[in-house]
Amino acid sequence: MTDTTAEHSTDVFDGVVELISGLVGDDLDILGVEVRPDTAFHEDLGLESIDLVTLGGLLADRYGPRVNLAEHLAEFDLDDVIGLTVGQIADYVAGALREGD
Amino acid sequence: MDASQAREPVAVVGMAVMLPGAPDLDTYWHNLRTGHDAITDVPPDRRDPHFHGDVPDPAAPLPPDRTYCHRGGFLAPFSLDAAGLGIMPNSVDTIEPDQLLTLRVASAAVADAGGLPALGDAGKVGVILGRGGYIGPRMVGLEQRVRTVRTVLRVVAELNPGMGEGELAELRAALLDPLGPVQPESAINLVPNLAASRVANRLDLRGPAYTVDAACASSLLAVDQAIGELTTRRCDAVLAGGVYHGHDDTFWAVFSQLRALSPTQGIRPLSADADGLLIGEGAGVVVLRRLSDARRDGDRVYAVIRGVGTASDGRTQSLFNPDSAGQRVALRRAWSAAGLDPAVPDSVGLVEAHSTGTPVGDAAELSALGEVFGAPPGASAVIGSVKSMIGHTMPAAGIAGLVKAVLAVHHGVLLPTLHCADPNPLLEPTRFHVLDAAKPWEGVGPRRAAVNAFGFGGINAHVVVEQAPDTPIRRPARVVERERVLRLAAHDPAELARLLDEHGDCPPDEPVGDPTGRFRLGVVGPTAKRLTVAQRVLARADQPGWTWSSGDVWFTGTPLLREPGAKTAFVFPGLEAEFAPRIDDVAALLGEEPPGAETGSVPEHVAAVADASMLLDRALARLGVRPDGLVGHSIGEWTAAVLARMFTGDRPGIGLDGFPMPAVDYLALGCAVDEAERGIADEPDVVVSHDNAPRQSVVCGPREAIERLAERFRAAGVFARPLPFSTGFHTPMMAPYVDPYLHAIRATGMRAGTLPVYSATTADRYPDDSDSLLRLSADHLVKPVRFREVVARMSADGYRVFVLMGAGQLGSFVSDSLDDAPHLVINAASSVRPGLAQLRRVATALWVEGADPDLAALEQSTKAGSTASQKDNASAVGEIPVRVTSPTLTVDPEARGRFAPSRGRPDLPAGLPADIAGELSALIADTDATVRAVTAAVRSRRAPAIRPAPAALPAQRALPAAEPGAVRTTLLRVSVADMPYLRGHRFFRQRADWPDETDRRPVVPATTLVEWAQRATERAWPGELAVAVRDIRFTRWLIAAPSQDVEITMTRPVPGGPVQVRLGEFAAMTVDLADAYPAASAPAPHPGPATGPALTPVEIYGGRQMFHGPQFQGLTEVTAHDGDRAHGQIKVLPAPGCVLDNVGQMLGCWLQARVDTRILAFPTRVDSIVFHGPPPPLGAVVDCLADARIPDEAAVEMDAVVSHAGRVWATITGWHDIRLDCDHTDHGVYAFPRDHALSRPQADGTWLAQDRWTTLASRDVFVGVYLSAPERAAYAAVPPRGQRTWLLGRVAAKDAVRGWLAARPDEWGTETLFPAEVLLTGDGERLVVRGHHGRALPDLRVTLTPAGPTAVTARVERTTGDD
């Protein structure tokens, strides 16, 4: 991952955080969790892998079919899916959008 | 002072206490810091109303049997992990409680020190405990047996010179009976030094183990001895401490007479208004090692003991008054031993005073302290006394103070003293002051504290404690500070928020607030962060329907399980991609080996998943968490079936090994089932195998098709992940392979589950009949898993809480399926968190939802278990409550009023409705009149002097004129009312006020039938004597309640010849009539020397070797002699047949001493009894000598001779008893049903009753022990083939209920129940529990589970009362 990617990803990251916050709801406020790139999907946000299904749908709705989380995660080991961070998702989305440009 | 003279410091490496308000060290520290006042009124069960009765003028001289003080420090009821500590559970009640208390505390202290291995060579570990010679409750019991009963009898005899030996014997039995059986082997348990020896014995420590007594200085003297053992290197570690337990009235009387107790009921040490002490109790133990050893081994060192000083007062004014000169010597010796100068300004930061709150004692102590420590400029130190919180714990006072001082030094906190707003003015010139709240211990140099303990008689001890030098702790901390749990309940959110503020920082062990409150908050490990989360959660508590279950915080305003009919489900996972539950610590808690976690092959994977689930099931049962129903996912249904006993066996072991499976793969899809179906429409070989949740389905098919589909689904944005196992279960592809599975299932059989089990094949409950079950087992393998639907179905059936019996993803399927429906899903295990920590969360979440799990069960025994002897076994039999009350000498309720002027009229039980009481009185009067009339009639006919049975044939209704010569009949009304002596021949014991006589089963003794036959023939053929009775057969019990009429038929075919007598269907015999008794052929034989000790009536009847009541308790002594001879002395009592019945009892006693099985014997036949004279007179003592033999294991026989005054009275030949299945343990249940159980508690909290009866007669005995009248009627209605299992179920259920109650002494008291007091109704696997005849019981139900063909287990659970 390069710095350039990270810079380009800022907007995408905010967008992903917005979707995730919608998914998690009020819980983030109460838990006092600030969503950052290293925030873990399961461990920090308490989401299950089944919730990725919903997130995948939300991402596709927002960014179009170019963003296919299902396809992307097919290459991941189960451990990696469980340890997935918000930053990884945002990076994937940013990358997918760039490739499509 | 020369520092080089200082002895080597000794390190405190472990500690434990049980003190008022503090069951453990953590709580003690919490109480010390927060100033918890543990003083209470004397608990009702330890308060004698007379001793604590009114004292009109406390200042006037007090009678010694009174006290004016009614408060003190009392231990909460405590229990003992008897199995874990290697104590026989049935001996717990025979051991002085202080021994058990000490054992529990000592083993906790060892655990705190890191376990036995950390103490090094067991041969050099000592145990030295301060323990005064005070009387404990068990010794009080012995005193009553040994002396008080005798005294009462002597006094009663003096008051009633006319009272006969028989009556005194009755009274004696009535007094001894309530004391229970004598257990000679338990006598050792009263020996005081066992407080120390038992610790050494159970922990296998081989250094010196002994107690010391220096009154209130005992503990510190023990510490002094311990330090001596360590510095001389005779020991490498010593457990030192003290114990005081009992609060015996005599002890209180001494202090009352001395006026040492506070007349204002308050202990105010160091206060200007101190006016006396209050007595406390408890125990404390410290583990001491040489500091150099502790440092070498990297022990955690709480603090070091720098020096101990002891001194006696020498000759002073009195033994009672404390002397400050002696105290000063002790103080100076301790500081000298420490190599320190007490008078320098920073010598000490905290002094734990002995101060008991007596003005004289405080004055002497403050004077001594003032002189030794002085008040140099700049010197300031805190003084205090923990007695202000727990009372004066006597020999344990020093250890309570020492542990307090060590904790203060260790934590760097100066501690408060209660009730000292106005300090004693003698403190003013000293450097000392009292704190009213804890504060940090600031200052330079090592923190140093000192502890005083001064004993009666002028024995003084002083200990100097110092902060441990910084030592790296290399040895890993073995005892982790346990994670606290905060549980709060309130009726409104504001109150809940207030409780959170108050208790958040320091959660008590128990829930706080009104337990009925519906607003409930649980926080596990309340860190600042979690408490903040909790506050934010509560801030929204007003929002309707707001709940929270995340971040180790749970909250609700609508507890799910408080909803009527709400149920809890256990959900059993099948194979999942991830399988790594952390449960080894859970296994350790249960004393089990960690389960395997192999997932290499399908059989291994299946077994590992099931083993983990079943371990969690056992662990949850220990917490009291039990399911109302079960469901499994895929092969998780097999686990559910095993636990519901649908399958036999303890594991879903249907032999998967080597079983065939199709070569197909699974693909998990992130979509609903209809989308999955659409996606596979063009793949004919692929089917949907699982409808897991709205967002997950699984399809199955050949690998190539699955790979194609994976790509296609992903391209459409659907998550698709092949599963790492391929079994083909739940698909038609499995069909060709199903047979071997079904064959295996059929071989073990399937039956209705003991709990509702839900099938994901049908999305409904499993059926009950075995054919349907087998069909469904086949479908389960070939039809899809409809998990989403079955979860919805359970929700509709009222299931609200779903506990996932594993660590995987399955829970998210349940949540996803239930969406907005109210529910709680929680995993019983985690892959990241230790198992016990996860169970703590489960318990907390369930508590929030309204359940009452026992969180403490997670903490027990990890400590004790690690220190107890090697004999520790896996069976978690559970904690045995320790009875701490002294017995009260009282006559058996059945005997009350026996010597009242209206003798024979028992007092009516209190609380009877007036009409019933009236009827009863009339009935009793009527009966009396009948008996008197009959007695008078009989007396008028016969010479009374030689009649042992004046009412031999009472209430004889008719003596109809029979045909002359041949046959005579007479009708006899047999009832307890007409024959009160039958009260002494009841087979079964019941509660004293039990209204249903049939439940006691009064039975006419066989020998009474013989005497009735004799008397009836003598009456039918007047002038002739019944001189012999032959060919006697006893065929059925003649039961006297309900009353029945028995026809006595006498046939004399040959005039002048023998008479055939038949007593209904109960007995038959031949009676020889003659004009005179035949002479005996030989003089009365001599028994020769006895070969063993004599059995006394106390053992025979007190121990209920014989079940007989006073009316049949004739044996005064039984001895065994060479050649299978037994000799007995029998007092002649009035009941008919009593002498010969006692001959039978003697045979029973001989048998019980001789064999261990089938020890319950009843006569079935006698070849002949020849009488050589008239019955011996009432009150005489006759001799009986029997030659006994055991022809086989089902019988015992004898020939016997009964002599009176040196002449043979009766010769008995061929007496034959049948022996029933009953070993000594079973006999204990028969003899003392209230205190024993036939069933055994199992590790999982259930009770198991196993068949032990090879004959119906044997079983019938326990039908009577366990069942009450309505239950016996139900039993009789059960087809004979099913009766055994039915009975076992009732036995297990009653024992389970009784065990459940006994495990909750706080709630249900310590009174034990007779089995008949638990009334069970209902059929099948679920029984409703009610109290019988006035017994109040909680709302419970019992679930029965067959455990094989000859055993049943019962599980008891609380119900809401709605179902």
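Summary table below
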{"quantity": "Ranking by accessible area, most exposed first, for B:His1216, B:His50, B:His462 with a 1.4 Å probe", "calculated": "B:His50, B:His1216, B:His462"}
{"quantity": "Residue-span extension gain [B:Arg1358 to B:Ala325] - 0.36 nm each, minus C-alpha spacing", "calculated": "365.6 nm"}
{"quantity": "Descending semi-axes in Å of segment B:349-416, equivalent ellipsoid built from Cα gyration tensor", "calculated": "20, 18, 9"}
{"quantity": "³J(HN,Hα) computed for each position of segment B:1000-1009 - Karplus, 6.51 cos²θ - 1.76 cosθ + 1.60, integer Hz, glycine/proline x", "calculated": "8, 6, x, 10, 6, x, 4, 6, 5, 4"}
{"quantity": "Computed [θ] at 222 nm, deg cm²/dmol, chain A (DSSP H ≥ 4; -39,500 (n - 2.57); rounded to nearest 500)", "calculated": "-20000 deg cm²/dmol"}
{"quantity": "Which of B:Pro724, B:Ala1243, B:Ala1084, positive extreme of dipole for the protein assembly as shown (C-beta unit charges)", "calculated": "B:Ala1084"}
{"quantity": "Residue-wise HN-Hα coupling along segment A:24-29, computed from phi with Karplus coefficients 6.51, -1.76, 1.60 (Hz; x: Gly, Pro)", "calculated": "7, x, 4, 3, 4, 4"}
{"quantity": "Gain upon complete extension [B:Arg498, B:Glu704; 0.36 nm per residue less C-alpha separation]", "calculated": "67.8 nm"}
{"quantity": "Fluctuation leader among A:Thr39, A:Thr54, A:Thr85 - chain A, Gaussian network, Cα springs under 10 angstrom", "calculated": "A:Thr54"}
{"quantity": "Within segment B:1199-1240, backbone nitrogen closer than 13 Å to the virtual label 7 Å beyond the Cα of B:Thr1254 toward Cβ", "calculated": "B:1219-1223"}
{"quantity": "Accessible area (Å², 1.4 Å probe, nearest 10) - B:Phe456", "calculated": "90 Å²"}
{"quantity": "Radius of gyration and maximum dimension Dmax of segment B:662-726, Cα, Å", "calculated": "10.1, 30"}
{"quantity": "Interface residues in segment B:708-723 - accessible area drops by 40 Å² or more relative to the isolated chain, probe 1.4 Å", "calculated": "B:Arg714, B:Phe719, B:Arg721"}
{"quantity": "Amide H partners (placed H, <5 Å) of B:Leu1160, local residues excluded", "calculated": "B:Leu1220, B:Cys1222"}
{"quantity": "Cα centroid of segment B:709-744 to Cα centroid of segment B:540-588, whole Å", "calculated": "30 Å"}
{"quantity": "Proportion of all alpha-carbon pairs of chain B beyond 52 Å (%)", "calculated": "43 percent"}
{"quantity": "Relative contact order of chain B, pairs being alpha-carbon contacts under 8 Å that are 6 or more residues apart, as %", "calculated": "9 percent"}
{"quantity": "Rel. contact order, % - alpha carbon contacts under 8 angstrom, at least six apart, segment B:750-797", "calculated": "41 percent"}
{"quantity": "Ellipsoid semi-axes in whole angstrom, largest first, where each is sqrt(5λ) of the Cα gyration tensor of segment B:676-831", "calculated": "27, 23, 13"}
{"quantity": "Under 5 Å, built H, 5+ apart or other chain: amide partners of B:Val127", "calculated": "B:Ala209, B:Tyr210, B:Leu239"}
{"quantity": "Cα-based shape type of the protein assembly as shown, given that a ≥ b ≥ c are square roots of the gyration tensor eigenvalues and the cut on a/c is 1.5", "calculated": "oblate"}
{"quantity": "Computed magnitude of the charge dipole of chain B (debye, nearest 20; Cβ of K, R +1, Cβ of D, E -1)", "calculated": "1840 debye"}
{"quantity": "Cα gyration tensor shape of segment B:1236-1358, rounded if a/c is under 1.5, else prolate or oblate by comparing a/b with b/c", "calculated": "prolate"}
{"quantity": "B:Val825 accessible area, 1.4 Å probe, all protein chains in place, Å² to nearest 10", "calculated": "40 Å²"}
{"quantity": "Gyration tensor (alpha-carbon) shape descriptor, segment B:998-1134, a/c threshold 1.5", "calculated": "oblate"}
{"quantity": "Principal axes of segment A:3-100: Cα extent on each, largest first, Å", "calculated": "38, 27, 25"}
{"quantity": "Rg followed by Dmax, in Å, when segment B:485-558 is reduced to its Cα trace", "calculated": "10.6, 30"}
{"quantity": "Dipole magnitude of chain A, debye to nearest 20 (Cβ charges: Lys/Arg +1, Asp/Glu -1, about Cα centre)", "calculated": "320 debye"}
{"quantity": "Counting DSSP beta bridges with both ends in the protein assembly as shown, the antiparallel % (nearest 5)", "calculated": "80 percent"}
{"quantity": "Accessible surface of B:Asp224 - all protein chains present, 1.4 Å probe, nearest 10 Å²", "calculated": "30 Å²"}
{"quantity": "Residues whose placed amide H lies under 5 Å from that of B:Glu1117, excluding near-sequence neighbours", "calculated": "B:Gln1129"}
{"quantity": "In Hz, Karplus ³J(HN,Hα) per residue of segment B:1096-1111 (6.51, -1.76, 1.60; θ = phi - 60°; x = Gly, Pro)", "calculated": "10, x, 4, 6, 5, 9, x, x, 6, 4, 10, 7, 5, x, x, 5"}
{"quantity": "Bins of 10 Å from zero: percent of alpha-carbon pairs in segment B:225-369", "calculated": "10, 28, 35, 22, 6, 0"}
{"quantity": "P(r) weight above 26 Å for segment B:529-676, C-alpha pairs, percent", "calculated": "46 percent"}
{"quantity": "Helix-derived mean residue ellipticity, 222 nm - over chain B, DSSP H n ≥ 4, -39500 (n - 2.57), to 500", "calculated": "-9000 deg cm²/dmol"}
{"quantity": "Residue (of B:Ser886, B:Val571, B:Ala396) at the positive-pole extreme of the protein assembly as shown, dipole from beta-carbon charges", "calculated": "B:Ser886"}
{"quantity": "Over segment B:662-726, relative contact order from alpha-carbon pairs under 8 Å, at least 6 apart, %", "calculated": "45 percent"}
{"quantity": "Kirkwood-based shape ratio for segment B:1090-1220, expressed as Rg/Rh from alpha carbons", "calculated": "0.93"}
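The values are calculated or read from the model by the stated rules, or taken from the named source; none is laboratory data. Values in this document were obtained by computation on a predicted structure and should not be read as measured data. Quick reminder, even Gly has a Cβ in these numbers, built from the backbone with ideal geometry, and neighbours come from all protein chains shown. Only protein heavy atoms, including side chains, enter the accessible area calculation; ligands, DNA and RNA are left aside. Shrake-Rupley method; radii C 1.70, N 1.55, O 1.52, S 1.80 Å.
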